[in-house]
Amino acid sequence: MMIMTTPFSEQQSEQWLLERTYHAQLRDGRELSVPDFTWAMKQLTDVDVPLLSQSWKSKLPEQLPAKKSTNVSIPISTWMETSPEEAHISYQAGNPVLLYGEHRWEHLKAASETWRPNRNVYTLIYGNAKVMPEVVSGVEYAVCYLDPKRGHATNASWRAWFPSDVAALLNGSTHSNILFLRPCMQFPSTTHYTVITADGQVHEYSDRAKAIQGYALLVSQEAHDRSDLHSIFPQFCYYHEIICPDGVYRIEFFGPRMNEQGYKAHKG
């Protein structure tokens, strides 16, 4: 594969990764809307996709993919547009690929409108607040993350509007509304699944299923705080531990700090 220069610097990639934003640059130099792209990436959920199990031309039935409802956090903050052919080769080599698409929609004028209060009723309910105009059109942002090592994930917009046979897309079936993206910068990372017991002990598990089983076996613990009696429950947590140029950081995607930025990892 050809060595290509990255449009985003290593320092930018680290900063954006820790602040949990996603960036993608297109071939013409434009960048996707950061808020929209980030929002779409944060809506990813696990999905088992039977990729490249057989030729896309085959008429043999495939086993339906089993959908899951677990949110996914991708430890790659910067992406760059690539060709479908290069995306296929990269995936075959064990690298992640991201498919991105936009679905534009609008209400038909002839369609029956849903009930909504008139101006007088709106004033009774909401006071003098300005009547908000009805949204008649918009854009949905769809993403499909394909990773031979970590698994695959899509958001609801992708599942609703774009092909489910992603193997066909990687094998050459064109779709004009889909962009193929490759990572600009990847930092070495590992995924950890831990359970913190009520008395503060940390147990680490090899995968998510075993961590969930371990969590289910733990019980809460009664604690006294002056005159107050309350229960302390075990905590289930899994996170990425990422080796960045500035140090080793953790980004939680389930746990007590799942809504915070990445933070320095402290062993022990």
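The values are calculated or read from the model by the stated rules, or taken from the named source; none is laboratory data. As the structure is a computational prediction, the values presented were derived from the model and not from experiment. Here the Cβ positions follow ideal geometry from the backbone for every residue, glycine too, while neighbour counts run over all protein chains shown. Each accessible area value is taken on the protein alone, full model and side chains, heavy atoms only, with ligands, DNA and RNA left out. Shrake-Rupley method; radii C 1.70, N 1.55, O 1.52, S 1.80 Å.
Listed conditions (1) open to solvent by 20 Å² or more (accessible area, probe 1.4 Å); (2) in the same structural domain as Glu241 (by the TED database) are all met by Val195, apart from (1). Within the range 213-232, the residues that satisfy the criterion of being surrounded by 14 or more Cβ atoms within 10 Å (Cβ to Cβ) and modelled with pLDDT of 85 or more are Gly214, Tyr215.
Applying the condition of being aromatic (Phe, Trp, Tyr) and in contact with a helix residue (DSSP H, G or I) (Cβ under 7 Å, 6 or more places away or on another chain) to the range 188-225 and asking which residue is farthest from Arg250 (Cα to Cα) yields Tyr205. Taking the range 75-147 as the region of interest, the strands (runs of 3 or more DSSP E) fully inside it that hold 1 or more residues being assigned by the TED database to the domain that holds Gly172, modelled with pLDDT under 90 and under 24 Å from Thr45 (Cβ atoms) are 97-106, 137-147. Listed by position, the strands (runs of 3 or more DSSP E) contained in the range 149-268 that have at least 2 residues being under 18 Å from the mean Cα position of the chain (by Cα) and among the β-branched types (Val, Ile, Thr) are 189-196.
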